[in-house]
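Below is one structure, written out as structure tokens, with a few remarks after it.
The values are calculated or read from the model by the stated rules, or taken from the named source; none is laboratory data. Since this is a predicted model, take the numbers as computed values, not measurements. Every residue, glycine among them, receives a Cβ derived from its backbone with ideal geometry; neighbour counts consider all protein chains shown. Keep in mind that these areas ignore ligands, DNA and RNA; they rest on the heavy atoms of the full protein, side chains included. Shrake-Rupley method; radii C 1.70, N 1.55, O 1.52, S 1.80 Å.
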Amino acid sequence: MIRFLIILFLVFLNAISAYSQNRPLFDENKLQINWELTTNNYNKENKVLTSLKLTNTGKTFYPASGWAIYFNYSRKTTPTSNSKDFVITHVNGDISQLKPTQSFKGLNPNQSVDFSFISNGKILNLSYSPAGFYLVWDTNPEKGYAIKNYILKPIVDATVNFITAETTYNNNKVIEDISIENLPKIFPSPKFFKDIPGKFVLDKNVNIQSDSEFSSEANYLSNELSKVIEEYFEVNSTVNSGKRIILKKADLKNEEYNLDIQSDKIEISASTGNGIFYGIQSLKSLLPSESWKEKALSIAIANCEVKDEPRFEYRGLMFDVARNFQTKETIFKMLDAMSFYKMNRFHFHFSDDEGWRIEIPSLPELTEVGGKRGHTTDSNSFLPSSYASGPDTGTYPGSGFYSKQDFIEILKYATERHIQVIPEIESPGHSRAAIKAMDSRYRKFMKQGNQPEAERYLLRDLNEKSVYSSAQGWTDNVMCVALPSTYNFMEKVIDELLAMYKYADAPISTIHIGGDEVPKGTWKLSPISNKLIAEDDNFNSTDDLWVYYFDNMEKLLSKRGLTLSGWEEIAMQKTVLGGKIKHIPNPDFANKGFRTYVWNNGIGWGDEDLPYRLANAGYKVVLSSVSNLYFDLAYEKAADEPGSIWAGYIDTEKPFYFIPFDYYKNTKEDTNGNPIEKSLFDGKERLTDVGKSNILGIQGQMFGENVRNTEILEYLLFPKLLALAERAWVQNPDWAMEKDSEKSSIFYNKDWSTFVNVLGKKELPRLEYYSGGFKYRIPPVGAIIDAGKINANIQQPGFVIRYTTDSSEPTINSEIYTKPIEDKGKIILAAFSKNGRKGKSTIIENNERPQ
């Protein structure tokens, strides 16, 4: 008994000791961190000076050592000469670590310490500020504690020419206010539209008659109409009610349709379900915007005749859920919006360095490891915290994945809406999530003594010593393409995805395998790669492994009846011209049906003509241009606008004025937002007639680094997506073809005015309620002082401008702007939607006296 009590006592002491060692030395909730921008253009260089302030808001001493703070920040940093208390070290990716030096003496209650550091580049909005801070104690290095008391000071910088209310006002001056009666009745704009006297009344007495091959579309129509009318609509009912919606077969092109609305019937005719579906969307577009707010007993639809077809066969959106996960329900909403605006390709970017989001049942590690983020020192069990996802696993949006059943449901939902889902398996770069997942699998089977199974899907050379850094700062994110197991992995993933498509009865003709941003230095010190190069007479360097990989992947896909898609790098090869390395189209792949998604036409970067060069060289091209179609870029140069800025700014107008076959014509600024000379395009390759035939269509990109909730997603996506939909569907406009610049400008301003009026008065009010509602961006108010009075305007007429004169924020009850404001002092203006949602505030000081 004595021996038992002694053992029990020792166990108790050990437990106390372990608890004491693991117990935090300080309550992280009492540590406050403030971040502030000091200045961009530091020392007149492309550098930024910022500062962090750590404050002890608690009642106990914050220790001088024994801890580290991790955070996400995509810049290399250097402390200023007078900041000696801390050191910042880059860990991997966007992860940095702050640790105290011997100079730091700790913090007494209510004491603060400042730390200034210099970073490369500029910080022009808060999306680029440090984020995701958490504390780790040396005594328990595997546990992170989120620092929630983090305060960002608004960015103010006199060295930066941020957009002003006056600039916005002047940009808006060309816009006419058009009455809703004079606006197009259908969006995107149809090829032919004719009003006919009379109305068709949609009510409970209507039934749907359909040819048998359009039964799916008929059921979809019934469900859609039941969302706006208090009635279920019968399909092919034997009861003759007198009023019908008829879906009928006609000899038309694939996506072409005719819509004929008369007082006693609606007739939609097409040769395929695609055409019928788009006719249904046009019918829905004719419904009043508020129809989705609440169900009605009846809705009157003006009679009309429509003949319509799309310009491009490919009208797409790329959606990144790897960097930050979005729920299945959010995907459904995106598909609803896309299909309503007749878009038909959903490029699903589900894998990248920071996440793998689709369950592959035979490789469970992909989501067990790759579908979770949190604090880790080795990435053995899950991925590290990125993009402010914090130290805890299982939290949105850093962690999450779609089960096999979820993905099948997404495929079925998309297919019903005539959208093809194109899966992207990022490879061989941008593959850290997959690499770490397969490392976990390797360790599991090695512990079981099963080396062949351990190595079956391994994605890296275990003895590789190559040194590289990706565009996002990762040092271990590239698959080893010399390993046979890499192709085993790709084959396994592809086959399991195809099985899901088959189960969902969803079409698939291509798989996107990434191919972008493989960093310099990759594979250089890989024994397996160098062995392959030495044994093959066709190989001279690791550059040849690039072609080797895509050649193998093309063979793998073609055996399954699929074409290979990827970012433009898949079609490029290195060559030496004039003693310099240059990338040119690879002629070997041009005739293999490779589909290139060309993003890199950055204005001022030198490859402005890259999409046209590839199309002229025989490659099929989806225009994915960073100059006009990267929707994750911020709208404008304003400190309070969320979004990336690495390639400039994308507002609603850039996708609208994009001319697919000659975007040189309407390009106005470079990637830094500076005006350009048209001479920039001198000597650039123009699109030939053959090249035009190789342009499949256009696609908007929504990368997810800064999309940390659905509000940011919808803000960045809408209304940009509508501009893309118009440009992808509508035939080449007059202003794009007109050679006289003055006439072209007149034509353009007329079309631009029409489009923004459609947005403000019809489509954005509709999106308030459609598919549960979207929190689109409400444009800021433009304002200018003229003769002592404030004149205001807005980009999208239809919103109500309200203002205050007492320095308070405008509300739904504030004064409505109807004429120039004569009040002096600080005037705050904001636009409001029909349901009372408020846009950004515009502040203007009116101290000017009339002359």
Study note, to complete from the structure: Residue-ordered couplings for segment 645-660, obtained by feeding phi - 60° into the Karplus form 6.51 cos²θ - 1.76 cosθ + 1.60 and rounding to whole Hz (Gly and Pro as x), are 9, 5, 10, x, 10, 10, 9, 5, 6, 4, x, 5, 8, 5, 9, x
Practice item. Provide the solvent-accessible area of Asp588, counting protein heavy atoms only and rolling a 1.4 Å probe, rounded to the nearest 10 Å². Key: 100 Å²
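Take the solvent-accessible surface of the protein heavy atoms, probe 1.4 Å, and return the percent of it on segment 727-820 that carbon and sulfur atoms account for.
Values: 1950 of 3950 Å².
Its accessible area is 50 percent carbon and sulfur atoms.
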Review point. Restricting to lysine pairs 8 or more places apart or on different chains, what number in segment 778-851 have Cα atoms under 21 Å apart?
Key: 8
Check your understanding: Is the shape of segment 733-851 rounded, prolate or oblate, going by the alpha carbon gyration tensor and its root eigenvalues a ≥ b ≥ c, with a/c under 1.5 for rounded and a/b larger than b/c for prolate?
Key -> oblate
Check your understanding: Taking square-rooted eigenvalues a ≥ b ≥ c of the alpha carbon gyration tensor, is segment 486-614 rounded, prolate or oblate, where a/c under 1.5 means rounded and, failing that, a/b exceeding b/c means prolate?
Key -> oblate
Point to revise | For segment 294-299, 3J(HN,Hα) per residue [Karplus equation, 6.51 cos²θ - 1.76 cosθ + 1.60, θ = phi - 60°, Hz, x = Gly/Pro] | key: 7, 5, 10, 6, 7, 9
Revision key, fill the gap. Cα extents of segment 566-621 per principal axis, largest first, Å, are 31, 24, 17
Revision key, fill the gap. At the level of C-alpha centres, the distance separating segment 250-265 and segment 635-713, in angstrom, is 35 Å
Check your understanding: Considering only protein heavy atoms, what is the solvent-accessible area of Ile581 at a probe of 1.4 Å, reported in Å² to the nearest 10?
Key -> 120 Å²
Study note, to complete from the structure: Within segment 508-528, the residues whose backbone N lies under 14 Å from a label point placed 7 Å from the Cα of Asn538 along the Cα-to-Cβ direction are none
Practice item. Could you compute the FRET efficiency for Asp806 and Leu183, with r as their C-beta to C-beta distance and R0 at 35 Å, rounded to 0.05? Key: 0.40
**Study point:** Column: log10 I(q)/I(0), Debye, Cα scatterers of segment 427-533, q = 0.20 Å⁻¹
**Key:** -1.08
Practice item. Would you please give the residues with an amide H less than 5 Å from that of Ile229, counting only those at least 5 places away or on a separate chain, with H modeled from the backbone geometry? Key: Ala296
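With a 1.4 Å probe and all protein chains kept in place, how do Lys520, Lys30, Lys328 rank by accessible area, largest first?
Working: Lys520 190, Lys30 90, Lys328 35 Å².
Ranked from most to least accessible, the order is Lys520, Lys30, Lys328.
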Point to revise | Net charge dipole size for the chain [Lys, Arg +1 and Asp, Glu -1 on Cβ; Debye, nearest 20] | key: 1420 debye
Point to revise | Mean separation of Cα contacts under 8 Å, 6 or more apart, over the residue count of segment 60-107: relative contact order % | key: 48 percent
Point to revise | Stretch gain in nm, segment Lys592-Lys555, where the contour uses 0.36 nm per residue and the Cα spacing is subtracted | key: 12.3 nm
Review point. Does segment 806-851 come out rounded, prolate or oblate, given a ≥ b ≥ c as the square roots of the eigenvalues of its C-alpha gyration tensor, rounded meaning a/c under 1.5 and, failing that, prolate meaning a/b above b/c?
Key: prolate
Practice item. Could you please state, rounded to a whole Å, how far the C-alpha centre of segment 36-73 is from the C-alpha centre of segment 274-351? Key: 46 Å
Review point. Accessible area, 1.4 Å probe, largest first: how do Arg837, Arg595 sort?
Key: Arg837, Arg595
**Study point:** FRET efficiency, 1/(1 + (r/R0)^6) with R0 60 Å, evaluated for Lys824 and Ser362 via beta carbons
**Key:** 0.25
Review point. Over the Cα atoms of segment 82-216, Rg to Rh with Kirkwood Rh, two decimal places?
Key: 1.28
**Study point:** Segment Ser403-Ala300, extension gain: residue separation times 0.36 nm, minus the distance between their alpha carbons
**Key:** 32.8 nm
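How large is the accessible surface per residue of the chain, computed with a 1.4 Å probe and reported in Å² as a whole number?
Working: 35620 Å² over 851 residues.
On a per-residue basis, 42 Å².
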Review point. Convex hull over the alpha-carbon atoms of the chain: what's its volume per residue in Å³?
Key: 235 Å³
Review point. With axes computed from alpha carbons, what is the tilt in degrees of helix 215-225 against the longest principal axis of the chain, rounded to the nearest 10 within 0 to 90?
Key: 90 degrees
Review point. Stretched out fully, how many nm does the piece from Lys53 to Lys775 gain, at 0.36 nm a residue minus the Cα gap?
Key: 256.5 nm
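Could you please state how large a percent of the accessible area of segment 298-451 is carbon and sulfur, counting protein chains only and using a 1.4 Å probe? Don't jump to the answer; show the numbers that get you there.
Values: 1830 of 3980 Å².
For segment 298-451, the apolar C and S fraction of the accessible surface comes to 46 percent.
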Review point. So what is the relative contact order of the chain, in percent, for Cα pairs below 8 Å that sit 6 or more residues apart?
Key: 11 percent
Check your understanding: Helix 484-504: angle to the longest alpha-carbon principal axis of the chain, degrees 0 to 90, nearest 10?
Key -> 40 degrees
Point to revise | Per-residue ³J(HN,Hα) for segment 528-537, Karplus 6.51 cos²θ - 1.76 cosθ + 1.60, θ = phi - 60°, Hz, x for Gly and Pro | key: 5, 5, 5, 5, 4, 4, 5, 8, 10, 5
Practice item. Determine how large the accessible area of Trp752 is when every protein chain is in place; take a 1.4 Å probe and give Å² rounded to the nearest 10. Key: 0 Å²
Review point. How large, in percent, is the carbon and sulfur part of the accessible surface of segment 651-724 at a probe radius of 1.4 Å?
Key: 46 percent
Exercise for review: Just the number, please: percent antiparallel of the DSSP beta bridges in the chain, rounded to the nearest 5.
Suggested key: 60 percent
Practice item. Kindly provide the helix-only [θ] at 222 nm of the chain, computed as the sum of -39,500 (n - 2.57) over DSSP H runs of four or more divided by all residues, to the nearest 500 deg cm²/dmol? Key: -7500 deg cm²/dmol
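Determine the percent antiparallel among the DSSP beta bridges restricted to segment 170-328, to the nearest 5. Could the numbers behind the result be given before it?
Working: 17 of 30 bridges.
Among the beta bridges of segment 170-328, antiparallel pairing accounts for roughly 55 percent.
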Review point. Glu426's amide H: which non-local residues (gap 5+, or another chain) put their own amide H closer than 5 Å, with H modeled 1.01 Å from N in plane and none for Pro or chain starts?
Key: Ser351
Study note, to complete from the structure: The helix 404-416 Cα axis meets the longest alpha-carbon principal axis of the chain at an angle in degrees, between 0 and 90 and rounded to 10, of 20 degrees
Point to revise | Charge sum, other residues only, whose C-beta stays under 12 Å from Tyr630's C-beta, Lys/Arg counted +1 and Asp/Glu -1 | key: -2
